[in-house]
Amino acid sequence: MLHSLRSKLIGGSWAAVIVVILYFIVRFISATNAAESAAEAAAISRGQLMQVVLPEGMNSVTCTYKGFTSHFNPTYHIPNVVIYELTGNETEGSTPRHNNFITDEGVEGCATPQDYSYSGYDRGHMAPAGDMKWDDKAMRQSFYMTNICPQVKALNTGAWNRLESRVREWAKRDSVLIVATGPILSDPMPTIGDSKVAVPPRFFKILLASHAQPMRAIAFIYDNARATGDLEQHAVSVDAVEEATGIDFFSNLPDEVEDAVEAQCDLSQWNQRIKR
């Protein structure tokens, strides 16, 4: 009987050892896969990160400028999305604000600055002029109407402007960000001007800290109105923006990394100081 009990204890001990070994093997494989995904993500180029997949049937013309790319919608006469890279160094530029809105004559459906006159709406930058201070051409092109949407003045000069300022602070902190901004379209939308420029009900801004370890993202959605509440009340995940717009962002990332960063909505991560 004592021999039988000893055998059971020894057998149980070996079973426990096997379970522990299997646990560490699974952890090692998971860590290895995560490391491989992180390495793949780090190898993805700036151009690949800025590629977007628009919904099937969405009217869009790609306009490539020095400081940003506008996926412009000739039907609504506003961009579907504007995307660009912003580095910390670029936020320190000294180029003065241009303040001369321009029709891009080479783009079908581009609105005119006069479409906004007496409309009650501001000419709202998607790629802000404040992010283009690093180069005169980039600054001038940020005033092309392919980068502009009708925005309520209280939003444009208020909460939206404050968000743009925070983005520049985060770019300095993180060295580089991928920034995507645009309207959230609906049907129908009111229009302004002779061109019948669509007035979107909401706007989004997406940020990807592509050089952060681990990579992280966050997004914001604002009604096209005077904004109430602080920044945290407008923070959402990239997934939420994708659901609202039908646009697929960062699809070139490894699936594991894309799923993780696009589900995030943690403003505290963005407000923490980076340990150097």
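The values are calculated or read from the model by the stated rules, or taken from the named source; none is laboratory data. In this text, all values refer to a predicted model and were calculated from it rather than measured experimentally. Here the Cβ positions follow ideal geometry from the backbone for every residue, glycine too, while neighbour counts run over all protein chains shown. With ligands, DNA and RNA removed, areas are computed over all heavy atoms of the protein, side chains included. Shrake-Rupley method; radii C 1.70, N 1.55, O 1.52, S 1.80 Å.
Anything in segment 168-208 that is in contact with an Asp or Glu (Cβ under 8 Å, 6 or more places away or on another chain), aliphatic (A, V, I, L, M) and more than 18 Å from Phe68 (Cβ to Cβ)? List them, or say none.
Passing the criteria: Ile192, Val197.
Inspect segment 212-229 for any residue being of a type in the set (Ser, Thr, Tyr) and in contact with an Asp or Glu (Cβ under 8 Å, 6 or more places away or on another chain) and give the result as yes or no.
The initial filter retains those residues of segment 212-229 that are of a type in the set (Ser, Thr, Tyr), namely 222, 228.
Then drop every residue that is not in contact with an Asp or Glu (Cβ under 8 Å, 6 or more places away or on another chain), which leaves none.
No: zero hits.
Need the failing condition index for Asp259 against (1) crowded, with 16+ Cβ neighbours inside 10 Å; (2) in a helix (DSSP H, G or I), just the number.
(1)
Based on this model, can you work out whether Thr191 counts as under 14 Å from the mean Cα position of the chain (by Cα), within 19 Å of Ser60 (Cα to Cα) and either of a type outside the set (D, E, K, R) or open to solvent by 40 Å² or more (accessible area, probe 1.4 Å) (or both)? Can you show your working first?
Values: under 14 Å from the mean Cα position of the chain (by Cα): no; within 19 Å of Ser60 (Cα to Cα): yes; either of a type outside the set (D, E, K, R) or open to solvent by 40 Å² or more (accessible area, probe 1.4 Å) (or both): yes.
In short, no.
For Met139, indicate whether it is closer than 20 Å to Thr91 by Cα and either open to solvent by less than 10 Å² (accessible area, probe 1.4 Å) or within 17 Å of the chain's Cα centre (by Cα) (or both).
Details: closer than 20 Å to Thr91 by Cα: yes; either open to solvent by less than 10 Å² (accessible area, probe 1.4 Å) or within 17 Å of the chain's Cα centre (by Cα) (or both): yes.
In short, yes.
Conditions tested, residue by residue: (1) touching a Ser or Thr at 6+ places or on another chain (Cβ under 9 Å); (2) outside any loop (DSSP other than H, G, I, E, B); (3) modelled with pLDDT under 95.
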residue: Phe203; (1), (2), (3): yes, yes, no
residue: Leu208; (1), (2), (3): no, yes, no
residue: Gln213; (1), (2), (3): no, no, yes
residue: Ile221; (1), (2), (3): no, yes, no
residue: Ala225; (1), (2), (3): no, no, no
residue: Thr228; (1), (2), (3): no, no, yes
residue: Gln233; (1), (2), (3): no, yes, no
residue: Val241; (1), (2), (3): no, yes, no
residue: Ser251; (1), (2), (3): no, no, no
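Tell me which residues, restricted to segment 104-136, are open to solvent by 30 Å² or more (accessible area, probe 1.4 Å) and over 25 Å from the mean Cα position of the chain (by Cα).
Residues satisfying the conditions are Glu105, Gly106, Glu108, Thr112, Gln114, Ser117, Tyr118, Ser119, Gly120.
Would you pick out the residues in segment 202-239 that are of a type in the set (A, V, I, L, M), under 14 Å from Gly182 (Cα atoms) and surrounded by fewer than 20 Cβ atoms within 10 Å (Cβ to Cβ)? Give the steps one after another, and end with the answer.
Going through segment 202-239, the residues of a type in the set (A, V, I, L, M) turn out to be 206-209, 212, 215, 217-219, 221, 225, 227, 231, 235-236, 238.
In the following step, the residues that additionally are under 14 Å from Gly182 (Cα atoms) were identified as 206-207, 219, 221, 238.
The one that is of a type in the set (A, V, I, L, M), under 14 Å from Gly182 (Cα atoms) and surrounded by fewer than 20 Cβ atoms within 10 Å (Cβ to Cβ): Ile221.
How many residues, within segment 169-180, are within 15 Å of Ile83 (Cα to Cα) and surrounded by fewer than 22 Cβ atoms within 10 Å (Cβ to Cβ)? Even if it seems obvious, please write down each step before you answer.
First, the residues of segment 169-180 that are within 15 Å of Ile83 (Cα to Cα): 171, 176-180.
Subset that is surrounded by fewer than 22 Cβ atoms within 10 Å (Cβ to Cβ): 176, 178.
Result for segment 169-180: 2.
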